[in-house]
Amino acid sequence: MKKSARDIAADWLKGRAKWLIILPPLLYLVVFFLIPFAFALVISLADTAVRVPPFTNILSISPDWHIHLTLNLGNFKYLFTDEVYGLSYFYSIKTAFFSTVVCLALGYPMAYAISRTSKSTQSILLLIVILPFWTSFLLRV
């Protein structure tokens, strides 16, 4: 018995359905996070130069096909030796910690209370929680 085009397409989708679901967010992550992060990492490991762009190449290939990798970790020494950077880093970590604690202290009891109410009340309470985020988004747009 010969398979129809619909059966062939269904068989093709069965094996690839997971990847078709994962692919859009994965591409978004690679394009808008990993590639810019890689550029920032390369710039942070390069030497400064008085030219455009204001940094040197970290990877070079000579005419006889020898690969030269030149990394400069001197840019990172300020994180550990300069007091201004150290204090800024400490205050950032402290702010992130206390923000997380406050969000958890407010969020979990609120989520528990919303989950214990009736279905009709849940919709209204969720709307009350989500409405400020919509307003913030609208103002930014």
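Derivation of every value follows stated rules applied to the coordinates shown; laboratory data play no part. These figures come from a predicted structure and were not determined experimentally. Every residue, glycine as well, gets a Cβ built from its backbone with ideal geometry; the counts of neighbours run over all protein chains shown.
Computed over the Cα atoms of the range 84-141, the ratio of the radius of gyration to the Kirkwood radius (Rg/Rh) comes to 1.19. Hull volume per residue, based on the alpha-carbon atoms of the range 1-81 and their convex hull, is 220 Å³. Cross-link partners for K2 among the lysines, with Cα-Cα distance under 25 Å and sequence neighbours closer than 8 places in the same chain left out: K14. Here each label is just a point 7 Å from Cα along the line to Cβ, and for A105 and L87 those points are 2.6 nm apart.
FRET efficiency for A38 and A113, Cβ-Cβ distance as r, R0 = 35 Å, nearest 0.05? Efficiency, from the Cβ-Cβ distance: 0.20.
Label-to-label distance for L26 and T48 is 4.1 nm, based on points extended 7 Å past Cα in the beta-carbon direction.
Across the alpha-carbon atoms of the chain, the computed radius of gyration and Dmax are 26.1, 77 angstrom. In this rough spin-label picture, where each label sits 7 Å from Cα along the Cβ direction, the A96-H68 distance is 3.7 nm.
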